[in-house]
Every structure is written in structure tokens, then in C-alpha cells.
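Worksheet: the structure to be examined is printed underneath.
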Amino acid sequence: MTTITITVNGDERQIDAAITVADFLTQHDLQAKMVVVEHNLKILSRDQYANTVLNSGDNLEIVQMMAGG
């Protein structure tokens, strides 16, 4: 399978080509309802995760919500 390079939270990563944000989150054991994702400087709504395909050079910022007090 072809790989592409994206940047995630400032770190370059090699990932499989043609995956969505939802796929990426699943592969990294992140629950969509527990994160906020910025894709190329635009915050995505959760309903966009499954339709947003990652391309070479894309930039993701992922912030995970933490429980506690």
C-alpha cells in the first residue's frame, strides 16, 4: 500500500494513503467524541471525520479531552 507523510501535533508521520480522519483516530485508539481535530488550520466537526480524506502534506492537530477535576 502507498504511504503519505502528514504532520500530527508537530511530528511528521508516515500513514497509509487514502484514509480518513476517522480511520486515523481509530488506528491510534482515539475516540472521536473525546478529541478535537484541526485539519489544515480548520477545526472539523465530528460529522466531518469520516468524510475528510488525509493527503500528503496535511497538518493535523489533535487535542484529547481529559476527565478529572
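The values are calculated or read from the model by the stated rules, or taken from the named source; none is laboratory data. All values reported here derive from a predicted model rather than from experimental measurement. A quick note on method: Cβ atoms are made from the backbone with ideal geometry, for glycine too, and the neighbour counts reach across all protein chains shown. Quick note on the areas: whole protein, heavy atoms, side chains included, nothing else; ligands and nucleic acids left out. Shrake-Rupley method; radii C 1.70, N 1.55, O 1.52, S 1.80 Å.
Database remark: amide H of residue 8 closer than 5 angstrom to the amide H of 13, 60 (H placed geometrically; neighbours at sequence offset of 5 or more, or on other chains; Pro and chain starts carry no H).
Taking Cα centre as origin and charging only the Cβ of basic (Lys, Arg, +1) and acidic (Asp, Glu, -1) residues, the dipole magnitude of the chain rounds to 180 debye. Solvent-accessible area of residue 65, all protein chains in place: 80 Å² (probe radius 1.4 Å, heavy atoms, ligands and nucleic acids excluded). With Rg and Dmax of the Cα atoms in Å defined as stated, name the option among (i) 11.8, 44; (ii) 11.5, 42; (iii) 19.7, 55 computed from the structure displayed. Here Rg and Dmax of the Cα atoms in Å agrees with entry (i). Short-range pairs are left out: with C-alpha atoms under 8 Å and at least six residues apart, the relative contact order of the chain is 42 percent.
Solvent-accessible area of the chain (1.4 angstrom probe, protein heavy atoms only): carbon and sulfur portion equals 50 percent. Each of 14, 60, 31 was scored by the projection of its Cα onto the charge dipole of the chain, and the greatest displacement toward the positive side belongs to 31; charges sit on the C-beta of Lys, Arg, Asp and Glu. Using θ = phi - 60° in the Karplus curve 6.51 cos²θ - 1.76 cosθ + 1.60, the 3J(HN,Hα) couplings for the stretch 24-37 round to 4, 4, 4, 5, 10, 6, 10, 8, 4, 6, 10, 9, 10, 10 Hz; x is entered for Gly and Pro.
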